[in-house]
Amino acid sequence: METTYDVKIYKILTYKGARKTTYTVRWVVAGKRWREPFNTVALAGGFRSELIRATGKGEAFVVATGLPVSHRSKSAAMSWYKFAVEYVDARWPQLGGNSRKNIAKTMTATTVALLRAKPTQFAPAAVRTALREWAFNTNRRPDAPRDVVAILKWVERNSLPVSAWEDPEKVDQVLQAIDTRLDGKQAAAWSRKRNRRILNVAMKYAIRRRILRANPLPKGKESTAATKTTNPWTSGPC
């Protein structure tokens, strides 16, 4: 993680549009400009004050995110696997059968992409099945057989923290993985859109829980092209 003390914070920029007024906090970290819009001046002022306090305490800023190191504390303390399970459990009562299956598929592909290493004692297909059919199934998880429990414990130990989403390169890698089928070909457009939509809702949940400060997913059109290399471990949706 590259950090710097080269930080400059500017006054809040007010923009009065036809429909609403936005208040944008602007700052520069190691020469890179950052902007964060807010709907109220109070929210913008609060965020700007946080940045100023961090510089006043001599705190380093993360070059990749533009944020003080302290902003990483909660996201760094929680593994992605733990967060994904918690998120699935929170959404479970609100969803129907197909929606539950779709979330399980997307969470499985994302979790595989956010592992520190490939397993040597488990087959990739077994890991995917354990995640899709047991970890991300609220009703079945308590009854998981011992071989599945062993796999899930390994996944939990080897899952990257949620703070991995603060690294733009890692975000690109995850999106590329979920956009790719197991045979190495690009997934259908509807599948890619569905995965992005599911991840966006998950990110909003992380923001509400104050685990992430902002949605790390790119806005607008897809910015990541799937690779054509067949890789049954790192490729996307099951």
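So that you can scan it fast, the table gives a plain yes or no per residue for (1) on the phi > 0 side of the Ramachandran plot; (2) without any contact (Cβ under 8 Å) to a residue 24 or more places away in the chain; (3) in the same structural domain as Leu13 (by TED's automatic domain parsing):
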{"residue": "Phe47", "(1), (2), (3)": "no, yes, yes"}
{"residue": "Phe61", "(1), (2), (3)": "no, no, yes"}
{"residue": "Val88", "(1), (2), (3)": "no, no, no"}
{"residue": "Ser99", "(1), (2), (3)": "no, yes, no"}
{"residue": "Thr110", "(1), (2), (3)": "no, no, no"}
{"residue": "Leu114", "(1), (2), (3)": "no, no, no"}
{"residue": "Ala123", "(1), (2), (3)": "no, yes, no"}
{"residue": "Arg128", "(1), (2), (3)": "no, no, no"}
{"residue": "Glu133", "(1), (2), (3)": "no, no, no"}
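Per-residue answers, yes or no, for (1) over 27 Å from Ser70 (Cα atoms); (2) within 11 Å of the chain's Cα centre (by Cα); (3) assigned to a helix (DSSP H, G or I):
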position	(1), (2), (3)
Gln121	yes, no, no
Leu131	yes, no, yes
Gly184	yes, no, no
Ser191	yes, no, yes
Ala202	no, yes, yes
Lys219	no, no, no
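In segment 203-221, the residue that is modelled with the lowest pLDDT out of those that are within 21 Å of Ala188 (Cβ to Cβ) and surrounded by 14 or more Cβ atoms within 10 Å (Cβ to Cβ) is Pro218. Filtering segment 69-81 to residues that are in a helix (DSSP H, G or I), out of contact with any helix residue (DSSP H, G or I) (no Cβ under 6 Å at 6 or more places or on another chain) and buried (at least 20 other Cβ atoms within 10 Å of the Cβ) leaves only His71.
Checked against the criterion of being among the charged types (D, E, K, R), modelled with pLDDT of 95 or more and either in contact with a helix residue (DSSP H, G or I) (Cβ under 7 Å, 6 or more places away or on another chain) or within 23 Å of Lys204 (Cβ to Cβ) (or both), the candidates Lys8, Lys20, Lys101 yield just one match: Lys101.
Considering each residue of segment 169-180 in turn, at least one proves to be crowded, with 18+ Cβ neighbours inside 10 Å, part of a loop (DSSP other than H, G, I, E, B) and in contact (Cβ under 8 Å) with a residue 24 or more places away in the chain.
Every residue, every condition in (1) surrounded by fewer than 14 Cβ atoms within 10 Å (Cβ to Cβ); (2) under 26 Å from Pro168 (Cα atoms), yes or no:
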| residue | (1), (2) |
| --- | --- |
| Ala42 | yes, no |
| Arg53 | yes, yes |
| Leu67 | no, yes |
| Phe83 | no, yes |
| Trp92 | no, no |
| Arg146 | yes, no |
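Taking the stated definitions as given, is Arg157 charged (D, E, K, R), in a helix (DSSP H, G or I) and more than 23 Å from Asp167 (Cα to Cα)? Spelling it out, it is not the case that Arg157 is charged (D, E, K, R), in a helix (DSSP H, G or I) and more than 23 Å from Asp167 (Cα to Cα).
The values are calculated or read from the model by the stated rules, or taken from the named source; none is laboratory data. The shown structure was predicted, so the numbers you read here are calculated from the model rather than taken from an experiment. Every residue, glycine as well, gets a Cβ built from its backbone with ideal geometry; the counts of neighbours run over all protein chains shown.
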